[in-house]
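What follows draws every value from the coordinates through simple rules; no lab data is involved. What you see is a predicted model; the values in this text were computed from it and never measured. Reconstructed Cβ throughout: ideal geometry from the backbone, glycine too, with neighbour counts over all protein chains shown.
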Amino acid sequence: MVHPVTRQETLYKRLILAFLSAGLVIFFVVIGIYKKPVQWAESLVGGVIYSVQEGTYSVVSGIQGVFTRYFLLVGLSDENPRLKKEVERLLGEINKLKEKEALAGRLQKLLNFKEAYPLDLIAANVIGRETGPWFQTFMINKGSTDGVLVDMGVIVPTGVVGKVIKTFPHHAQVLLMTDTNSAIAGIVQRTREEGIVQGIGGGGARLKYLPRLSEVIVGDILITSGLEGSFAKGIPIGRIKKVERPEDSFFLNITLTPEILFSKLEEVLVLSLNPKDVMYGPHPAPEKQAQ
């Protein structure tokens, strides 16, 4: 015979079930509480270790950077003298090339001049200068063994330089046209009036013996007359800089500016033959023979 479940038994079962559920909840809560402090500790320790590692890395990186820059600077300080020497060498090479280029240009002008004009010329280099209160001269590297003689004219493509006054076997002395002892026969290109060009020192010259009635003006060009034998006719001497007509003189006071800056002369041409009958000018074009 089955006994019916009493109210007391039902209540008893429910209490047991409630206690079991509560026990399970408490068990899992305890387990969670037990594990959670470990996780907190792990997080705390991990954060501390990360901070220490990050700081250490920064310090080490900074030290490495300092040493790297130091060794780089040491390397550069060792490299700088070599680079400076290389720069100096290259600058020297550039200067040499510039000088060679300038020399080639000047020599080309002399060559073109020799080819264009019917004059027997000796090319020479200026090897010394003497500018004093009594004489204005320079030395050239061609002498009597090269055919250079006293009183030969010295020119450049732009005009008259002076005359040879002394010769040696392998060099010669040239008197500048601006020296007070220099005298060159000249002619005013526009008016065709003749006079004597005499040096006055200081890089200038004057034209003597032109009458007061002369029509010369400032800017007129003076050329060689070819009468003295040292120069061909028509070589530029200079330009008239100043004209004065003094009341107590029969002649004008005329000052000239030479066509040449004598302090920069490096190469010159010596007129090696008596060119008094030679006109300064280009070769005429050859005539064609009749067929």
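So the values come out like this:
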quantity	calculated
Distance between modelled label sites at E88 and E194, nm, 7 Å Cα→Cβ extension	6.2
Rounded to the nearest 20 debye, dipole of region 122-271 from Cβ charges on Lys, Arg, Asp, Glu	120
Ranking of K241, K233, K163, K84 by count of other Cβ atoms within 10 Å, fewest first	K84, K241, K233, K163
Dipole of region 122-271, positive end: most advanced residue of G238, L176, F251 [Cβ charges, Cα centre]	G238
